[in-house]
Amino acid sequence: MFKELDPILHSQLRLAIMSLLISVKEAEFTFIREKTNATAGNLSVQVQKLKDAGYIEVIKQFKDNYPQTTCKVTPAGLKAFEDYVKALQQYLKV
């Protein structure tokens, strides 16, 4: 009756990261940190989990001699998010 919710997306911070990235297409690490009010350490761990799941792509480069980390949602991440939302809607209908 109920679909299992994706444990990767069921974390509050990871869900916030995905929601934010879907709305802006891609974002710098500092922007995500400011919007989610997460610590850099916690955000870094959660971003790595999303990356390991194949839900986001992480691009590390230098901009004006400073390291810059940019994240964006992958097609697999978008599908997982859509499936997660559909599963949640099933819970709300009952």
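Coordinate-derived values only; no laboratory data. For clarity, every value in this text was computed on a predicted model and none was experimentally measured. Note: ideal-geometry Cβ built from the backbone for every residue, glycine included; neighbour counts use all protein chains shown.
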Review point. Under the definition of Cα pairs under 8 Å and six or more residues apart, what whole-number percent is the relative contact order of the range 12-85?
Key: 35
Point to revise | Cβ-Cβ FRET estimate between residue 93 and residue 34, R0 fixed at 41 Å, reported to 0.05 | key: 0.70
**Study point:** J(HN,Hα) series, the range 27-36, from Karplus relation 6.51 cos²θ - 1.76 cosθ + 1.60, nearest Hz, glycine and proline x
**Key:** 8, 6, 3, 5, 5, 4, 4, 5, 6, 9
Check your understanding: Only one of the listed values, [x] 53, 25, 21; [y] 44, 33, 27; [z] 46, 37, 20, was derived from the coordinates as Cα extents along the principal axes in Å; which label is it?
Key -> [x]
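What FRET efficiency would be calculated for the residue pair residue 69, residue 5, taking the C-beta separation as r and a Förster radius of 25 Å, to the nearest 0.05?
The value I calculate is 0.35.
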Study note, to complete from the structure: Note: residue 58 to residue 42 extended length (0.36 nm per residue) minus current alpha-carbon separation gives 4.2 nm
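Filter the trypsin sites (Lys or Arg not before Pro) in the range 1-49 to those in DSSP coil with at most 15 other Cβ atoms within 10 Å of their Cβ, and list the result.
In loop regions of the range 1-49 (DSSP not H, G, I, E or B), the sparsely surrounded trypsin sites (Lys or Arg not before Pro) are 3, 25.
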Review point. Of 35/86; 49/93; 3/60; 63/86, which sit over 32 Å apart, Cα to Cα?
Key: 3/60; 63/86
